[in-house]
Every structure is written in structure tokens, then in C-alpha cells.
Amino acid sequence: MTTAVAAPFRFFSLQVVRTRRLGPSLVRVTFGGDDLQYFFSDGRDQSLSLFLPHPGQSEPQVPLEFGDGWWQGWRELPDDVRAVMRSYTLRALRRNPDEIDIDFVLHTPAGPASHWASRAAAGDRVLLLGPAIADNRAIRFRPADDTDLVVIWGDETAVPAVSAILESLPAGTRARVWLEVHDAGDIQDLETDADAEITWLVQEEAVSAIRAAQLPPANHPYVWIAGESGSVKALRRHFVQERGVDRRRVTFVGYWRQGLTEEQLRAQE
Ligand SMILES: Cc1cc2nc3c(=O)[nH]c(=O)nc-3n(C[C@H](O)[C@H](O)[C@H](O)COP(=O)(O)OP(=O)(O)OC[C@H]3O[C@@H](n4cnc5c(N)ncnc54)[C@H](O)[C@@H]3O)c2cc1C
């Protein structure tokens, strides 16, 4: 006997509804589309794969007609035709009308995704490979039940994830958070019920700032770090080797790597 299991991820065909500049290097793009009725997520650091058109294309090219064989078909398309695939985070999901927000860092020199986001306008079409099941493996922020302190570091690319994580934390959770941005204009007001101490580092070296910080005493801390790969590695080492945090209680994700495109970063992993 076989049991029908809903696929946890599927493609969503979406259009830009509106954009809003949040700061000098951050733009919020709001997407809508009928497909969003099938989109479910518990939020936090929910990651998504976004497929974007090249300049001059009216929609991203992914051979969805190949069904499960789409990946192979997509890889075989010429480089200048194949949709650009990039990883982003669900910043917010709303109903009635169904909408999602994704916050894009505008970096220089711009890559294709950053370039697309800087010019996004209502009606622009994208494809999203995202969750159809609220609790899915593309949510990595998972503190154990006995966690008595949440410690977070993220750079600009992780500000959307950290914002959503903070919104999800229940009252009474103790959290120590560092967010690193290049420009003070990118600092945002973050909402949380948690007992959170949030420090914004503006052009300040994260490892030295965190090494110098005193953490509140805790028996079972949980650490979440995401951002530029080199910083993520250094911070993971700091928490595990210098502060003695159990490595199983450290979630770390390289969101980008200085000097490498996302394809090059993935090829190295
Ligand atoms: C799970 C996950 C979630 C992510 N969530 C978000 C998110 O919500 N918002 C977001 O903005 N990014 C997010 N990122 C990071 C994003 O995928 C990368 O920054 C990506 O490289 C951007 O693509 P691009 O086409 O603009 O640049 P690419 O073509 O990939 O890279 C071009 C050049 O730009 C450099 N570069 C890439 N990103 C940056 C940056 N942020 N600052 C400076 N230089 C950079 C690269 O090193 C490379 O030299 C996430 C990544 C992962 C893995």
C-alpha cells in the first residue's frame, strides 16, 4: 500500500506587486499570484530558490513541462537563456490578499539578482521554488526545547531571516543578537516579544566585537550564524572552540562568499 505524501516544495509563478526601499542597500520586493494559496511556511529563516529572467527576457526560463526532470532540462539551457537561480529568505507571508515579501541586498558590483532587484517593477515575473508544507527542511533555525539562551549573528543578507526569527520567538526567550551592516541607514526597527538585546555593528569586525562581549550565563545556549562564508566559519570556530558551545547546538549557513557568485559557491560546497 502506498501513502500519498504531498511534495514539500513546488514552483510558484509570481509577479511583483510593489517595491519599497528600506535603506541605502536594502529593497523589499512584494510578490503576489494565485499560486500563493498553496504556499505555506512557519517562517523563521525559511529559505527559497528564486528564478529570475535575464535582462530583456519577459519571464524566467525553467522547463517546468519536464516535471521532475526540470533540473536537468534547466542545466542544459544556454547560460544566457537559463533563468538565474539565487537563494533568498521569506521575510513575510500575508493572506487576503496572498502576498510574500523578500528583502534584497543591493551590493556593488551587483550580481544578476541584485541588479534585478534594483530595477524590479510591478508586473515583473519570477518563479519561486518554495514550501508547500509549513514545517519544512528549508527552515534551519531549530533551537532544542531546553535552550536557555539564543545567540544570533547575521550580516545584511541575514537581516531578513533574523527579523523573522525575532518575530517568532516567544515572550521570555533570552536572546543576544548582533547584526552587521555597512551603512547605518540600513539599521531597522525589529519587533520581538523575546527578551532580546540587539547590537548593530556598522562596518565593525564581527569576530572581535563578539569575542569582547560578555554573554549572559546559560547551560544550553543555541547559536545561529549566517552571512558571508568567511565570517560564518570564523564565528562558528569562536563559539565552539573558544566559548565551548556544543557544536550540535550551532546552526551556521554561508549565505554568500566574497569574490564568488552563488553558482561558484555552490560548486565548492
Ligand atoms: C539560505 C540563503 C538565504 C539568503 N537570503 C538572502 C536574503 O534574504 N536577502 C539577500 O539579499 N541575500 C540573501 N542571501 C544571499 C544571496 O543569495 C547572495 O548574496 C547572492 O550571491 C546574491 O546574488 P547576486 O546575483 O546578486 O550576486 P552573485 O552573482 O551571486 O555574486 C556576484 C558578486 O557579488 C558578490 N556578492 C554577493 N552577495 C553580496 C553581498 N550581499 N554583499 C557584497 N557582495 C556580494 C559575490 O561575492 C560576487 O563577487 C541568501 C543566501 C542563502 C544561501
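Just so it is clear, none of the values below were taken in a lab; they were calculated from the coordinates. Worth saying up front: this structure is predicted, and the values here are computed from it rather than measured. So basically every Cβ, Gly included, is an ideal-geometry build from the backbone, and we count neighbours across all protein chains shown.
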Check: Hey, if you put +1 on the Cβ of every Lys and Arg and -1 on every Asp and Glu Cβ in the chain, which of Pro53, Phe141, Val16 ends up farthest toward the positive end of that dipole?
Finding: Phe141
Checklist line | Three principal axis lengths of region 118-213 [C-alpha, angstrom, descending] | finding: 46, 35, 22
Item checked: Cβ-placed point charges (K, R +1; D, E -1), dipole of the chain about Cα centre in debye, nearest 20 -> 400 debye
Note to self: Starting from the 7 Å offset along Cα-to-Cβ, what nm value, one decimal, do you get for the label separation of Arg75 and Ala267?
What the structure shows: 1.3 nm
Next item on the list: Could you estimate the translational diffusion coefficient of the chain from the Stokes-Einstein equation, with Rh from the Kirkwood formula over C-alpha pairs, at 10 °C and 1.306 mPa s, in whole µm²/s?
Entry: 81 µm²/s
Next item on the list: Using a 10 angstrom cutoff on alpha carbons, build the Gaussian network for the chain and name the most mobile of Arg91, Arg236, Arg119.
Entry: Arg119
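If you take every DSSP beta bridge whose two residues both sit in the chain, what share of them, in percent to the nearest 5, is antiparallel?
Around 55 percent of the beta bridges assigned by DSSP in the chain are antiparallel ones.
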Notebook entry, point to check: So what's the Cα pair-distance distribution over region 4-131, bin width 5 Å, in %?
Noted result: 2, 10, 20, 25, 20, 14, 6, 2, 0, 0
Note to self: Give me Asp148, Asp35 sorted ascending by neighbouring Cβ count inside 10 Å, so fewest comes first.
What the structure shows: Asp148, Asp35
Note to self: Suppose only helical runs count, i.e. DSSP H with n ≥ 4. What mean residue ellipticity at 222 nm does that imply for the chain under -39500 (n - 2.57) per run, divided by all residues and rounded to the nearest 500 deg cm²/dmol?
What the structure shows: -4500 deg cm²/dmol
